[in-house]
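Participant: Below you'll find the structure I mean.
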Amino acid sequence: MKKIKIGIAINEIQDAGDILHNLPISYIPSGYVKAVQNAGGLPILLPISSPQDATDYVSSIDKLILAGGQNVNPEYYNEQPIFDKSLMHNQRDSFELALIDEAFKQKKPILAICRGMQLLNVKLGGTLFQDISQDEVIKHMQAPLSRELLTHDVITEYESVLNDLYGDTTKVNSFHFQSIKLLGKNVRVTAKSQDEIIEGIESEDNSKRFIGVQWHPDFVYNTEEKEQKLFNYFVASF
């Protein structure tokens with residue numbers, strides 16, 4: 001049986017440290033790959049490239065995953081950054097925005113995680129809170145606590161994919177300084193934390209299908225059955 005090809009847009013770093021001879025590397029946390037494999041999908045890694053390559057990349061896959069990572073450049077929603085510019089990756093932004101555009105054109109579903117969810121909202125005309133750490137009631141950047149520790153509750157919306165998969169409430173990990181502010185066009189909020197931070201989104205436009213989560217199921221897919229279920233659903237049913 002032919003496997004569903006899941007494109008995973010990957011990240012890069014200019015200095016990988018002594019163990020890798022300080023080389024620049026293209027990479028993705030292995031949880032994305034392993035969770036897709038567990039779900040019966042075939043992971044296809046998509047390295048940062050020219051936006052002009054997005055058409056060919058998306059043509060070669062069935063579905064797209066947008067992963068976590070750097071802050072989205074606020075210029076895309078008409079603001080100047082209030083954080084260190086080293087926390088952005090402009091080439092990654094432009095390439096992944098082109099991937100989103102092409103996935104919509106080719107009607108291929110998207111699973112957007114953490115930064116990926118934020119970028120998707122910006123692509124659809126939304127904005128972000130650049131730094132929620134000053135006002136947060138719940139600690140949304142749990143480091144240095146373990147990535148496997150589930151630190152706060154999320155409440156899902158009735159008649160949503162996230163409600164079907166996670167129930168009315170679920171506990172999640174949390175590794176973000178930014179969050180969605182104004183929603184993009186045809187974006188529906190389907191999960192929030194108890195302090196009203198948007199934790200999940202889904203599409204209200206059947207021609208542009210996506211699920212977004214602010215937490216990291218890729219960190220705990222192998223210890224939390226509900227998180228593997230998200231990948232199972234995306235690969236096999238969405």
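The values are calculated or read from the model by the stated rules, or taken from the named source; none is laboratory data. Predicted, not measured: the structure shown is a model, and the values here were computed from it. Note that each Cβ is placed from the backbone with ideal geometry, even for glycine, and that neighbours are counted across all protein chains shown. SASA here: full protein model, heavy atoms, side chains in, ligands and nucleic acids out. Shrake-Rupley method; radii C 1.70, N 1.55, O 1.52, S 1.80 Å.
Participant: Once you keep just the Cα pairs under 8 angstrom separated by 6 or more residues, what percentage relative contact order results for segment 91-190?
Facilitator: 34
Participant: Ignoring everything except DSSP H segments at least 4 long, calculate the 222 nm mean residue ellipticity for the chain; use -39,500 (n - 2.57) per segment, divide by total residues, nearest 500.
Facilitator: -7500 deg cm²/dmol
Participant: Can you tell me the dipole magnitude for the chain around its Cα centre, using point charges on the Cβ only (Lys, Arg +1; Asp, Glu -1), in Debye to the nearest 20?
Facilitator: Numbers: 23 positive and 32 negative charges, 162 e Å.
Computed about the Cα centre, the dipole is about 780 debye.
Participant: Measure off 7 Å from each Cα along the Cα-to-Cβ vector at LEU145 and ASP131, then give the distance between these two points in nanometres to one decimal.
Facilitator: Result: 2.2 nm between the two label points.
Participant: Okay, moving on. Need the full-extension length gain, LEU23 to GLU225, defined as separation in residues times 0.36 nm minus the C-alpha distance. One decimal, nm.
Facilitator: Result: 69.2 nm gained on full extension.
Participant: Working with all protein chains in place, sort MET117, MET88, MET1 by solvent-accessible area computed with a 1.4 Å probe, largest first. Please list the in-between numbers first.
Facilitator: Details: MET117 0, MET88 30, MET1 230 Å².
Of MET117, MET88, MET1, the descending order of accessible area is MET1, MET88, MET117.
Participant: Cross-link list LYS63/LYS123; LYS63/LYS85; LYS2/LYS171; LYS63/LYS139; LYS2/LYS229: which exceed 27 angstrom alpha carbon to alpha carbon?
Facilitator: LYS63/LYS85; LYS2/LYS171; LYS63/LYS139
Participant: Output the peptides 60-67, 9-16, 29-36 sorted from most to least packed, where packing is the average of other Cβ atoms within 10 Å over each peptide's residues.
Facilitator: Numbers: 60-67: 22.0, 9-16: 16.1, 29-36: 20.0.
My ranking of the peptides, most packed first, is 60-67, 29-36, 9-16.
Participant: Give the shape of segment 12-126 as rounded, prolate or oblate, defined through the alpha-carbon gyration tensor: a ≥ b ≥ c are the square roots of its eigenvalues, a/c under 1.5 means rounded, and otherwise the shape is prolate if a/b is larger than b/c and oblate if not. Please list the in-between numbers first.
Facilitator: Values: a/c = 1.70, a/b = 1.04, b/c = 1.63.
Oblate, since a/c reaches 1.5 and b/c is not below a/b.
Participant: Using DSSP, restrict attention to beta bridges with both residues in the chain and report what percent are antiparallel, rounded to the nearest 5.
Facilitator: Numbers: 21 of 38 bridges.
Expressed as a percentage, antiparallel bridges in the chain total about 55.
Participant: May I ask you to derive the relative contact order of the chain, considering only C-alpha pairs under 8 Å and at least 6 residues apart, and to give it as an integer percent?
Facilitator: About 21 percent, as a whole number.
Participant: Another question about this same structure. Report, to the nearest whole %, how much of the accessible area of segment 5-237 belongs to carbon and sulfur atoms, 1.4 Å probe, protein only.
Facilitator: Its accessible area is 48 percent carbon and sulfur atoms.
Participant: Sort 215-226, 74-85 by packing, meaning the average of other beta carbons within 10 Å per residue, with the highest value first.
Facilitator: With the highest mean Cβ count within 10 Å placed first, the list reads 215-226, 74-85.
Participant: Roughly how far apart, in whole Å, are the Cα centres of segment 72-148 and segment 1-62?
Facilitator: 18
Participant: Suppose each label sits 7 Å from its Cα in the direction of the beta carbon; what would the TYR158-ASN206 distance come out to in nanometres?
Facilitator: 2.3
Participant: Along the charge dipole of the chain, Cβ charges K/R +1 and D/E -1, which of PHE175, ALA9, ILE82 sits furthest on the positive end?
Facilitator: The residue sitting most towards the positive pole is ALA9.
Participant: Find the Rg to Rh ratio for the chain, where Rh is the Kirkwood radius over alpha-carbon pairs and Rg uses the same atoms.
Facilitator: Computed over Cα atoms, the ratio is 0.93.
Participant: Going by the alpha-carbon gyration tensor, a ≥ b ≥ c the square roots of its eigenvalues, is segment 120-162 rounded (a/c under 1.5) or, if a/c is not under 1.5, prolate (a/b greater than b/c) versus oblate?
Facilitator: oblate
Participant: Related question: Per residue, how much accessible area does the chain have with a 1.4 Å probe, in Å²?
Facilitator: For the chain, the per-residue accessible area is 47 Å².
Participant: Under a 1.4 angstrom probe, counting protein chains only, how are HIS21, HIS140, HIS89 ranked by accessible area, largest first?
Facilitator: Output order, biggest surface exposure first: HIS21, HIS89, HIS140.
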